[in-house]
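First up is the structure itself, then whatever we jot down about it.
The values are calculated or read from the model by the stated rules, or taken from the named source; none is laboratory data. Given the structure is predicted, the values throughout are model-derived calculations rather than measurements. Quick reminder, even Gly has a Cβ in these numbers, built from the backbone with ideal geometry, and neighbours come from all protein chains shown. Side chains included, ligands, DNA and RNA excluded: accessible areas come from the protein's heavy atoms. Shrake-Rupley method; radii C 1.70, N 1.55, O 1.52, S 1.80 Å.
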Amino acid sequence: MAALEKRAAIDTKQLLLESESGLKVCAPMVRFSKLPFRILVRKYGCDVTYTSMIMADSFRNSASKRAIEYVTCREEPTPVITQFAANNVDDFIGASQLVVGYCDGVDLNCGCPQRWAMQEGYGASLLYSPQKIFEIVRQFRNQVVHEESFTMSVKLRLLASLPETVDLYRQIESTGVSFIGVHARTHQMRNEPADHDQLREICQSLKVPIVANGDCFNLKDFERIRNSTGAQGVMSARRLPCAVWKIS
């Protein structure tokens, strides 16, 4: 990363707002969304890619971890969003400062449902400590020197009820996030269908762009989710290597 020249960021929020057909997004996948895979999915029609979820504390404090976890190149298509898992402001800010100029935005993971993440205050556990989310977003805006086009986003899950979810999302929106990714399941849900009805209500209740996540396995799913929810983008993860985005 250090050997690369810094570049101007592509404004993902603006792309979401301007797209008439919606953006196709490669969701962040732990230990999977590495550079070769990101380049591959862009060849098949993905518009935006994410890095794997990166632990902000180790990334911030270890050059060797950065060398392993963060690899990009001048030829990588943009925009690319770097996703961090953090449970405090200092780690997220410190990690973000290291990638400004080498990607197009940073994202706070507030959706990982794994037991270790919930126990240690990462991922979806942040949904139940919302002040941490608010403070991380606010302090990013205050402390991290970045272009206006460099985005700060969050990836969330649903809460137990729609009113609770909308209330939380509106509070997060007010902190100045660029856009919100929504996995349309609660942290307890695994194989149950994603709740696109709630997602539609969320899209209608917020002003910031929404990127939908959950049960997008192919291009027909992309179009169905986009049309039924009004989301400005749709993420795919589990079956992305098999999904045929490209229309020849």
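Observations, loosely collected:
- Interatomic Cα distance distribution for region 103-241, bins of 5 angstrom, percent: 2, 10, 20, 23, 21, 15, 7, 2, 0
- The overall shape of region 188-244 is oblate: from the C-alpha gyration tensor, with semi-axes ordered a ≥ b ≥ c, the ratio a/c is 1.5 or greater and a/b is no larger than b/c.
- Whether region 8-48 is rounded, prolate or oblate, judged on the alpha carbon gyration tensor where a/c under 1.5 counts as rounded: prolate
- Note that region 178-183 has calculated 3J(HN,Hα) couplings of 6, 7, 10, x, 10, 7 Hz, one per residue in order, obtained from phi through the Karplus relation 6.51 cos²θ - 1.76 cosθ + 1.60 (θ = phi - 60°); glycine and proline are x.
- Based on Cα contacts under 8 Å between residues 6+ apart, region 152-248 shows a relative contact order of 24 percent.
- Shape of the chain, Cα gyration tensor, a/c cut at 1.5: rounded
- Sparsely packed chymotrypsin sites (Phe, Trp or Tyr not before Pro) within region 165-234, loop by DSSP, other Cβ within 10 Å at most 15: 217
- Computed with a 1.4 Å probe over protein heavy atoms only, the accessible surface of region 126-212 comes to 44 Å² per residue.
- Phi angles across region 147-161 convert, under the Karplus curve 6.51 cos²θ - 1.76 cosθ + 1.60 with θ = phi - 60°, into 3J(HN,Hα) values of 5, 4, 6, 7, 8, 10, 10, 9, 10, 10, 10, 7, 8, 5, 9 Hz, Gly and Pro given as x.
- Listed cross-link partners 24/155; 132/155; 6/65; 43/207 are compared with a 22 Å cut-off, the Cα-Cα value being larger for 43/207.
- The chain - percent of accessible surface contributed by carbon and sulfur, probe 1.4 Å: 49 percent
- Annotation for region 147-192: trypsin sites (Lys or Arg not before Pro) lying in DSSP loop with at most 14 further Cβ atoms inside 10 Å of their Cβ are 190.
- Ignoring aspartates and glutamates fewer than eight residues from residue 34 along the same chain, the ones with Cα atoms less than 15 angstrom from its Cα are 69, 75, 76.
- Heavy-atom accessible area, probed at 1.4 angstrom with all protein chains present, ranks 149, 174 as 174, 149, highest first.
- For region 41-109, applying the loop criterion from DSSP together with a ceiling of 15 other beta carbons within 10 Å to the trypsin sites (Lys or Arg not before Pro) yields 74.
- Helix-only [θ]222 nm of the chain, DSSP H runs n ≥ 4, -39500 (n - 2.57) each, per residue, nearest 500: -11000 deg cm²/dmol
- Residue of 166, 144, 154 that the Gaussian network model of the chain assigns the largest fluctuation, springs spanning Cα pairs under 10 Å: 144
- The phi torsions of region 82-87, fed into the Karplus equation with coefficients 6.51, -1.76 and 1.60 and a -60° offset, translate into couplings of 9, 9, 10, 9, 8, 10 Hz, rounded to whole numbers, with Gly and Pro shown as x.
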